[in-house]
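Note sheet for the following structure.
The values are calculated or read from the model by the stated rules, or taken from the named source; none is laboratory data. On a predicted model such as this, the values are computed, not experimentally measured, just so you know. A quick note on method: Cβ atoms are made from the backbone with ideal geometry, for glycine too, and the neighbour counts reach across all protein chains shown.
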Amino acid sequence: MIKSIIGHPVVLLVAHRIAMGLLLLFAASLLIFAGTQILPGDVAQSILGQSATPQALANLRAELGLNEPAVTRYISWLVGALHGDLGTALTNGQDIADAMGRRLGNTLFLAGCAAIIAVPLALTLGLVSVRYQGRWPDKVISAVTLASVSVPEFLLGYIVMFIMAVRLHAFPSVSTVYDSMSLLERLNAIALPVTVLVLVVLGHMMRMTRAAILNVMQSAYIETAELKGMRPFRIIWRHALPNAIAPVVNVVMLNLAYLVVGVVVVEVVFVYPGMGQYLVDHVAKRDVPVVQACGLVFAAVYIGLNMIADVVSILANPRLRHPK
Amino acid sequence: MSRIPLSALIGMVVTAAYFLAAIFADVISPYGYAEVVGNVWDPVSAEHWLGTDSIGRDLLSRMIYGGQITIFVAAAATVLAFATGAFFGFLAAVSGGWVDQVLSRLVDLLMSIPALILALVILSVLPVSIPVLIGVMGLIESTRVYRLSRAVAVDVAVMDYVEAARLRGEGTIWVIFREILPNALSPLVAEAGLRFIFMVLFISTLSFLGLGVQPPLADWGGIVKENKEGIVYGIPAALIPAVAIATLAISVNLVADWVLTRTSSLKGGRG
C-alpha cells in the first residue's frame, strides 16, 4: 500500500516539483548573496562614503568579516538564516529577524486582505467577460484592464489617495497601524492600500482567467452542451470552469506572487510599516545585511507561491491520477 | 496590406508625439529644467501651463525633460535587453545541448526572484547612475526576452533552410544572424513595445523609491516623488506624470497589439 503511494506518479511529480523549488531557493540565496558581495562596489566603501580614511575602511572590513573568503561568509550567512538568525543591521545594530517579524506580519495581513477581495472578484469578472464575449461588458472590462496595467502601482496609489482621502475624506491618507488597534480600526487604516493592490492585480488576473476559460470553451464537449440547450452561464460553471481549474489556479498564484512585489511600492506610498518599506529604506542606506535578508524572504515567498501553483496544477490534472 | 485601424493610428500619433517632445526638449520647453521661475505649487496659468512644482520650477518644462530621461533610459534598457536576450536565446536554440541547458537554467534562476526585488538588491551596492540603471534593468529584463526568442527560434531552427545553411557549412553566428533573426523578427518587434512600456514603469518605480534617476535631474517617477507631499493639501501636481505614463503606455500597447495581429495573420498556415 505505502509502496504504491510512494511510487504513484502524482506523488513523484509533486516531490520532484518541491525538490526543484527548494533547489531554486538555494540558488536564489546564492544569487542574492553574490549580487551584494562580488559586485564591484565595496560594501565598506559605500557605507563610509568616498572620504573615508583607509584605516576606517580596514576596521569596518574586519568588523563585517569582509576579509574572509566569500564562500565562508556565504555559508555562515546561510546557516544563520536557516536558524532564524539574519544578522544585525549595519545602520542601527538592531537584530534583523526581530525587526522583520512584525513587519512581515503587517505585510502578509495587507497582501492577504487584498487577495481575499481580488481573487473572487477577478474570477467573477473573468466569467462575466467570457459569457458576454465581444459585447459591451467584455469590452468595458478589457478597457479598464488595459488602463489599470498601464499605470504604475505608486501612481495608482496617489490617484486613489487623492480621490478617496483628500477629496472625499473617506479614509486616512496614511496607513499607520499600532499594536493596540482593533481589527476594525486596522481595516479602516489599510482600506486604501488594499484598494490599490486589488486594482493592480485585478486586471492581469481577470484577463488571464478569461483566456484560460476561453481556451476550454473551444472544446467539443462545450459544443455538445450548447447543442443540448444548456444556459451559457451553466455551461461555463459546470463544464468550462472545472476543466480550466489548473490554469486558473496558476493564474491566481502567479498574481499572488505579483502582489508580493506590488506591496513594496504601495507600502512606501501609504507609509505602511511593512517589509517593503523596510527593504526600500535600507537599500537607500546601503545596509547590505538587511537588504539580503529582505531579498531572501521575498524570494522565498515568491518561489513558494510558484511552487504551490505547479503542485496544484499537477493535482488538478486527472490524467495523472491513474497510473497506466 | 490592410488599412491601419484607428486605434493603432491614434497609438502611433501619441507615441510619436512623446518621442518628438523628448528629442526636441531643448527647443519646445518654455523654461530650463532646474530654473526656479515662480512660487511653490503655483496653479495653472498662461505662463505655466501645468503650474509650478514643489520648489517653484515650471512643471511643463520638468515634464518635458522628465519625458526625455524616462524615454531615453527605457529605450536604452530595452535595446540592451533585446540585444543580450535575443542573442543568447537564439544561441541556445541553435546550439541545443549543454549550452541551452546552462543558459536556460540560469534564466530560470534569475526569474525566480521578482525583478524589482533583484534590482533593489543589486542597487544597494552599486552607485546609482543612469548607465548603471540601464545596465541593471536591461540585464534583468533580458531574461524575458531570452525566453521568447528561444521559443521562437526553436521553431525556426528546424526549418529546411536552416538545415541547408548548416549543410553548406555556415557557422553558428552566421545561422543566428542570417537565418534565424530575419524569420523571428516580427514577434520580437511586438514584444519590444511591451518591454519598452515595462521599462518605463520600472524606471519610474525605481525613481519614485529614490533609487533611480537622482536630483536635480528627474524622470516622471522622480517628479511624483518631488511633488507627493502636495497630494494631502489637494495639489494634483504629482498626478500629472500619471497621465503621461498612462497615455504613453496605452498608445504603445495599441501599436504593439496591431503589429502582433498583423504579423500573426501574415504567418498564415505556419501558425
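Residue A:265 versus (1) hydrophobic (A, V, I, L, M, F, W, C); (2) surrounded by fewer than 23 Cβ atoms within 10 Å (Cβ to Cβ); (3) under 28 Å from residue A:35 (Cβ atoms): which is the lone unmet condition?
Looking at each condition in turn, residue A:265 falls short on (2).
Which one of these is closer than 21 Å to residue A:215 by Cα and either within 14 Å of chain B (Cβ to nearest Cβ) or in contact (Cβ under 8 Å) with a residue 24 or more places away in the chain (or both): A:150, A:129?
The unique qualifying residue is A:129.
Residue B:176 - would you say it is at negative phi and modelled with pLDDT under 80?
For residue B:176, the condition - at negative phi and modelled with pLDDT under 80 - is not met.
Among the helices (runs of 4 or more DSSP H) lying completely within region B:158-248, list those that include at least 1 residues that are among the aromatic types (Phe, Trp, Tyr) and facing chain A (nearest Cβ under 10 Å). Lay out the reasoning, then the answer.
Details: elements: B:160-167, B:181-208, B:220-227.
So the answer is B:181-208, B:220-227.
Being touching a helix residue (DSSP H, G or I) at 6+ places or on another chain (Cβ under 7 Å), part of a helix (DSSP H, G or I) and more than 30 Å from residue A:192 (Cα to Cα) is true for just one of A:62, A:81. Which residue is that? Explain how you work it out, then say what you get.
On the way: A:62 fails: touching a helix residue (DSSP H, G or I) at 6+ places or on another chain (Cβ under 7 Å).
From the options A:62, A:81, the qualifying one is A:81.
Does residue B:20 satisfy the criteria of being within 19 Å of residue B:245 (Cβ to Cβ) and loosely packed, with under 14 Cβ neighbours inside 10 Å?
The answer is yes for residue B:20.
Has region A:97-111 got at least one residue that is more than 20 Å from residue A:210 (Cα to Cα), surrounded by fewer than 18 Cβ atoms within 10 Å (Cβ to Cβ) and among the polar types (S, T, N, Q)?
Checking region A:97-111: not a single residue is more than 20 Å from residue A:210 (Cα to Cα), surrounded by fewer than 18 Cβ atoms within 10 Å (Cβ to Cβ) and among the polar types (S, T, N, Q).
Could you please give the count of residues in region B:210-225 that are in contact (Cβ under 8 Å) with a residue 40 or more places away in the chain and either crowded, with 24+ Cβ neighbours inside 10 Å or touching a Gly at 6+ places or on another chain (Cβ under 7 Å) (or both)?
Residues meeting the conditions: 8.
Determine which member of the set A:290, A:271, A:266 is within 13 Å of chain B (Cβ to nearest Cβ), farther than 21 Å from residue A:20 by Cβ, in a loop (DSSP other than H, G, I, E, B) and among the hydrophobic types (A, V, I, L, M, F, W, C).
Result of the check over A:290, A:271, A:266: A:271.
Identify, by number, the condition in (1) assigned to a helix (DSSP H, G or I); (2) in contact with an Asp or Glu (Cβ under 8 Å, 6 or more places away or on another chain); (3) crowded, with 21+ Cβ neighbours inside 10 Å that residue B:48 doesn't meet.
It fails just one condition, (1).
Which residue out of B:142, B:124 is within 14 Å of chain A (Cβ to nearest Cβ), buried (at least 18 other Cβ atoms within 10 Å of the Cβ) and polar (S, T, N, Q)?
Result: B:124 is the single residue among B:142, B:124 that is within 14 Å of chain A (Cβ to nearest Cβ), buried (at least 18 other Cβ atoms within 10 Å of the Cβ) and polar (S, T, N, Q).
Any residue in region B:73-88 that is within 14 Å of another protein chain (Cβ to nearest Cβ) and out of contact with any His (no Cβ under 9 Å at 6 or more places or on another chain)?
yes
All but one of (1) surrounded by fewer than 19 Cβ atoms within 10 Å (Cβ to Cβ); (2) touching a Lys or Arg at 6+ places or on another chain (Cβ under 9 Å); (3) more than 19 Å from residue A:248 (Cβ to Cβ) hold for residue A:173; which doesn't?
The failed condition is (2).
Report whether or not residue A:72 is within 29 Å of residue A:26 (Cβ to Cβ), at pLDDT 75 or above, loosely packed, with under 15 Cβ neighbours inside 10 Å and more than 30 Å from the chain's Cα centre (by Cα).
yes
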